[in-house]
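Trainee: Sending over a structure as structure tokens; questions will come in a sec.
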Amino acid sequence: MSKCVNVPHLPEGKVGLIAIGEKYRERLGRALDARGIEVIWLPDARDVDVRLAGHADLSLLHLGGNRLVSACGDAASDALSSLGFELLRVLAPGRAYPDDCVLNACIVGNRFIHRLDITEPAVLRALDGFELVNVAQGYTKCCTCVVDENSVITSDHGIALSAHRAGLDVLEILPGYIELEGFDYGFIGGATFKLSNSELAFTGRIDRHPDFGRIIGFLSERKIEAVYLTDGPAFDIGSAVLLKEC
């Protein structure tokens with residue numbers, strides 16, 4: 001029987017259900033199906049810049065267990081409710097920064113990391129037992145790959161400093177070398193998500209990243225295997241929201 005992922009981004013076993021933007025179905029659907037992962041394909045956010053509108057981490061925030069914050073619209077939210085999730089429904093994100101990233105917080109264990117002055121107020125009111133970590137970057141989850149409860153990878157120097165001060169192990173890497181259509185480059189957090197406790201999925205390959213060896217070494221030290229879902233370069237999809245384990 002499946003159970004909800006208890007800690008955001010960090011399954012204890014194998015992931016069985018995730019949410020990803022519908023626009024990435026063609027590129028990732030086959031690879032996820034081959035791994036037995038069911039997907040709720042989320043519609044583009046209505047008002048967000050079309051280049052980012054399909055990013056799940058702008059419309060859906062997992063607070064742990066069956067608790068979700070959803071700005072996905074009625075159809076997707078109803079589908080999530082029917083699966084047993086308790087939803088806090090909020091208004092759709094706005095078009096321009098920072099109004100488009102009010103849900104783009106990064107939760108690492110018991111730490112809630114975001115630019116707190118823009119965080120959706122209903123989210124802050126719903127938090128219980130989290131350490132609040134303020135950063136200057138509103139696209140916090142986009143920029144942050146959650147490796148385990150105590151470790152992250154980011155190319156954002158401000159996030160790296162704040163995460164380190166909060167007691168996390170941080171691998172700071174060079175920006176770039178990840179594709180994001182319409183922009184010069186995308187981000188490591190948007191191009192990765194856990195498949196299991198010991199596997200980290202990359203949407204594509206990162207062999208050409210100057211810090212490739214450091215990334216793989218950082219994962220290996222934590223007994224985590226890198227899994228490539230496609231053979232092309234890694235691309236930013238706004239990550240995936242992990243919902244249930246097998």
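The values are calculated or read from the model by the stated rules, or taken from the named source; none is laboratory data. Just so it is clear, the model here is predicted, and its values are computed rather than measured. Counting neighbours? That spans all protein chains shown, and the Cβs are built from the backbone with ideal geometry, glycine included.
Trainee: Suppose we keep only residues that are closer than 10 Å to T192 by Cα and either out of contact with any Asp or Glu (no Cβ under 7 Å at 6 or more places or on another chain) or among the basic types (K, R) (or both) within segment 237-246. Which one would you say is surrounded by the most Cβ atoms within 10 Å (Cβ to Cβ)? Can you show your working first?
Mentor: Step one: filter segment 237-246 for residues closer than 10 Å to T192 by Cα, giving 237-240.
Narrowing the set further to residues that are either out of contact with any Asp or Glu (no Cβ under 7 Å at 6 or more places or on another chain) or among the basic types (K, R) (or both) leaves 237, 240.
On the way: I237: 24, A240: 29.
Restricting to residues being closer than 10 Å to T192 by Cα and either out of contact with any Asp or Glu (no Cβ under 7 Å at 6 or more places or on another chain) or among the basic types (K, R) (or both), the top hit is A240.
Trainee: Hand me the list of strands (runs of 3 or more DSSP E) wholly inside segment 185-246 holding 2 or more residues that are within 18 Å of N104 (Cα to Cα) and touching a strand residue (DSSP E or B) at 6+ places or on another chain (Cβ under 8 Å). Don't jump to the end; show me each part of the working.
Mentor: Details: elements: 192-196, 199-202, 225-228, 241-245.
It comes to 192-196, 241-245.
Trainee: Out of the residues in segment 140-181 that are in a loop (DSSP other than H, G, I, E, B) and of a type in the set (A, V, I, L, M), state the one that is surrounded by the fewest Cβ atoms within 10 Å (Cβ to Cβ).
Mentor: Applying the first criterion (in a loop (DSSP other than H, G, I, E, B)) to segment 140-181 yields 140-143, 149-150, 155-156, 166-168, 173-178, 180-181.
Keeping just the survivors that are of a type in the set (A, V, I, L, M) gives 166, 168, 173-174, 178, 180.
On the way: A166: 17, L168: 24, I173: 22, L174: 10, I178: 24, L180: 19.
The residue in question is L174.
Trainee: Hey, another quick one. Can you tell which of I188, I178, I173 is out of contact with any helix residue (DSSP H, G or I) (no Cβ under 7 Å at 6 or more places or on another chain) and in contact (Cβ under 8 Å) with a residue 40 or more places away in the chain? Walk me through it before giving the result.
Mentor: Working: I178 fails: out of contact with any helix residue (DSSP H, G or I) (no Cβ under 7 Å at 6 or more places or on another chain); I173 fails: out of contact with any helix residue (DSSP H, G or I) (no Cβ under 7 Å at 6 or more places or on another chain).
Answer to the check: I188.
Trainee: Could you please find all residues in segment 130-139 being aromatic (F, W, Y) and either more than 14 Å from the chain's Cα centre (by Cα) or part of a strand (DSSP E or B) (or both)?
Mentor: Within segment 130-139, just F130 meets the criteria.
Trainee: Please state which one of S77, S70, S81 is in contact with a helix residue (DSSP H, G or I) (Cβ under 7 Å, 6 or more places away or on another chain) and at pLDDT 95 or above.
Mentor: Result of the check over S77, S70, S81: S70.
Trainee: Take the residues in segment 196-208 that are within 20 Å of the chain's Cα centre (by Cα) and of a type outside the set (G, A, S); name whichever of them is surrounded by the most Cβ atoms within 10 Å (Cβ to Cβ). Step through it out loud before you land on a result.
Mentor: Kept after step one, since they are within 20 Å of the chain's Cα centre (by Cα), are these residues of segment 196-208: 196-206.
Cutting the leftovers down to of a type outside the set (G, A, S) gives us 197, 199-200, 202-203, 205-206.
Details: N197: 15, E199: 17, L200: 21, F202: 21, T203: 28, R205: 16, I206: 21.
Among residues in segment 196-208 that are within 20 Å of the chain's Cα centre (by Cα) and of a type outside the set (G, A, S), the one surrounded by the most Cβ atoms within 10 Å (Cβ to Cβ) is T203.
Trainee: Additional query: Filter segment 1-24 down to the residues that are among the aliphatic types (A, V, I, L, M) and in a strand (DSSP E or B), then identify the one that is farthest from D99 (Cα to Cα).
Mentor: Quick first cut of segment 1-24, residues among the aliphatic types (A, V, I, L, M) only: 1, 5, 7, 10, 15, 17-20.
Retained after the next criterion (residues that are in a strand (DSSP E or B)): 7, 10, 15, 17-20.
Details: V7: 26, L10: 27, V15: 31, L17: 28, I18: 25, A19: 22, I20: 21 Å.
Out of the qualifying residues, it is V15.
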